[in-house]
1. From the list 91, 141, which residue is assigned to a strand (DSSP E or B), surrounded by fewer than 22 Cβ atoms within 10 Å (Cβ to Cβ) and touching a helix residue (DSSP H, G or I) at 6+ places or on another chain (Cβ under 8 Å)?
2. Which of the residues that make up the range 168-225 are at pLDDT below 90, more than 31 Å from the chain's Cα centre (by Cα) and buried (at least 16 other Cβ atoms within 10 Å of the Cβ)?
3. Evaluate the range 231-242: report whether one residue or more is outside any helix (DSSP H, G or I), within 21 Å of residue 155 (Cβ to Cβ) and in contact with a strand residue (DSSP E or B) (Cβ under 7 Å, 6 or more places away or on another chain).
4. How many of the residues in the range 277-295 are touching a residue at least 24 places away in the same chain (Cβ under 8 Å) and part of a helix (DSSP H, G or I)?
5. I'm trying to understand the selection: among the residues of the range 300-314, which are touching a helix residue (DSSP H, G or I) at 6+ places or on another chain (Cβ under 8 Å) and assigned to a helix (DSSP H, G or I)?
6. Can you tell me which of 346, 332 is part of a loop (DSSP other than H, G, I, E, B) and more than 18 Å from residue 136 (Cβ to Cβ)?
């Protein structure tokens, strides 16, 4: 062990001696002062901005009596992101008018598209307002169930199928009968519900006649109708057909929500007016019906849509009188207590000022 230590020591001495004899390398040139002032490399790259979470959407609930073309502006506004642009996420609830009205009054939904049924409720004292009217003519036709009933007077003393008592189908039938000089109380109204019940009742002869939507009429024609068309309500009747109603409380407490909802809806209806093919595609996604069924419904609906989402004052008054007589309440109530079109008028004025146009 000692000899190993001596060898190692000798190697070290030789190494040190050689190092002492070797000239030292020149000292490196001093780095420029500016190099010392440069920040570390990681500081030279700006820190990446932290991603911000998208703002959460406010969830609202809106009811629909059906998924027909007259409601397409809402489906389009959802599909094209118009509601999302307003910070809204809409849940669609399928419900008849009476259920939708009760939900609005209870605060369970914010808006109901059963504007016509809402007007009857308002006349009966419900604290609501009609805030938008999409169509002022009903998209219905009155069809008989057999060839023995060939004209409107033939239904006197017989049954007429509707969806529910006091609904737009009954109101439009009463207006039709009155305009033809017939007693609206001279027929028996049979409430057959929504869906295919009225079509089945006509085809089976369970009722003498029934009010049918355009989609049902198209199916009836395809099946081979046994009866005849007695009247085209869309051509003959003006009334509050479809639109939106909400509670007085929401209008008072959350006007920005009302304004945002209607602004998006107005965009949807202007899109529907301009782009037929795209609207039919969106409509089919919601109701599952083929184009050959939805297209006649769309074409008919387009002719019934109001210009600016409002109903003419004289039509407001005439419609209210018929409903008031039907439900047995005074008919002299001012329509300003039934309608509040401020928000939809503002929406149209704003979009026009901005030069907004729908894009595919």
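1. Values: 91 fails: touching a helix residue (DSSP H, G or I) at 6+ places or on another chain (Cβ under 8 Å).
That would be 141, the only listed residue that is assigned to a strand (DSSP E or B), surrounded by fewer than 22 Cβ atoms within 10 Å (Cβ to Cβ) and touching a helix residue (DSSP H, G or I) at 6+ places or on another chain (Cβ under 8 Å).
2. 225
3. Taking every residue of the range 231-242 in turn, at least one turns out to be outside any helix (DSSP H, G or I), within 21 Å of residue 155 (Cβ to Cβ) and in contact with a strand residue (DSSP E or B) (Cβ under 7 Å, 6 or more places away or on another chain).
4. 10
5. Once the filter is applied, which keeps residues that are touching a helix residue (DSSP H, G or I) at 6+ places or on another chain (Cβ under 8 Å) and assigned to a helix (DSSP H, G or I), the range 300-314 yields 300, 301, 302, 303, 304, 313.
6. Details: 346 fails: part of a loop (DSSP other than H, G, I, E, B).
Going through 346, 332 in turn, the sole match is 332.
The values are calculated or read from the model by the stated rules, or taken from the named source; none is laboratory data. Nothing here was measured: the structure is a model prediction, and the numbers come from that model. Note that we place each Cβ from the backbone using ideal geometry, even for glycine, and neighbour counts take in every protein chain shown.
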